[in-house]
Amino acid sequence: MQMDGDQSSNIEDRRSDDSMGGGMGGGMGGGFPIPMGGGGGGLFKGGFGLVAFVVIAMIMGADPGAILNDIAGGGASYSPAPSPPPRSAPSQSGPSASAPTTDAESQFVSRVLKSTEDVWGDIFREMGRQYREPKLVLFRDATRTECGVGQAAMGPFYCPADQRVYLDLGFFDELARRFRAPGQFPQAYVISHEIGHHVQKLLGISDKVQQMRQSMSRRDGNALSVRTELQADCFAGVWANRADKQRGGRMIDDKDVDQALAAASAIGDDALQRQAQGRVVPDSFTHGTSAQRARWFRKGLDTGDPRQCDTFRAQQL
């Protein structure tokens, strides 16, 4: 992967902080949980089902696909099931002044973030809207967020309350070693997935989805979460498509795509559960299966069109 160009000015580096404040409440947004003994969540058996379709219609209006057609793709953030316990490690602190990134890994993250800003800025202008750039916070082990205390064991995550993406760079080591998805493009996929949740937040649906989930059963609410996560995967593919075109088709090659698809497959609910507990429990899915995650990322990558990321009306995920 060739990720050159400018770095983002929206990196907040907290890795040198040595204390941690308390959380501020609110729901944690979508993330990449590292399996530490199984996850919560769920998905309807046999498809989305009439009840969930009615819920989506209530959220989005009479036609649950209309908003997606009008604004070139839509979606929502959500509050996942409780996260697994964090790895035992020293705590880190809350907000600090943004600092320039100097190591190669954080510079790469900064360039990917800048690329997402360019791509989604263009897409939002096409929609007659203005893209509001999120901050990306680099931290170690634990940090304060407006959604509560963020832990490295959650994997990268997006907090809709403060509109920040949180990333412990140690996750990339896990991705390469534990999940056998090395390379820079899988890392870029992870970052762009979290930016996909920010896009969903900006489109104004996340608060309504979160509110609806509070009155739904766990199973039905998790079905909505799966579709939300798969849409963020699709948005990540849209970013990759457009970013590659902006660089004249020189950013990614077939090997990069294979690595990203491998990463998407490695962090599917079925793969994570099989690794953590030796069995798969479909009713507890929150992010989608390996095949689903790879399929929706590929759809965004092939089309570059956010309107194709309508996971909410898809009959088959």
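The values are calculated or read from the model by the stated rules, or taken from the named source; none is laboratory data. Treat the numbers as computed from the prediction; the structure is a model and nothing was measured. Every residue, glycine among them, receives a Cβ derived from its backbone with ideal geometry; neighbour counts consider all protein chains shown.
Brief remarks on what is shown
- Among the residues listed as LEU224, LEU169, LEU175, the single one being among the aliphatic types (A, V, I, L, M), farther than 19 Å from SER106 by Cα and in contact (Cβ under 8 Å) with a residue 60 or more places away in the chain: LEU224
- Consider segment 132-156 and keep the residues that are under 15 Å from the mean Cα position of the chain (by Cα) and modelled with pLDDT of 95 or more. The one that is nearest to GLY121 (Cα to Cα) is PRO134.
- Filtering segment 147-166 to residues that are crowded, with 22+ Cβ neighbours inside 10 Å and either under 14 Å from ARG132 (Cβ atoms) or of a type in the set (D, E, K, R) (or both) leaves TYR158, PRO160, ARG164, VAL165.
- On the stretch given as segment 167-225, residues that are surrounded by fewer than 21 Cβ atoms within 10 Å (Cβ to Cβ), under 21 Å from ASP244 (Cβ atoms) and aliphatic (A, V, I, L, M) total 0.
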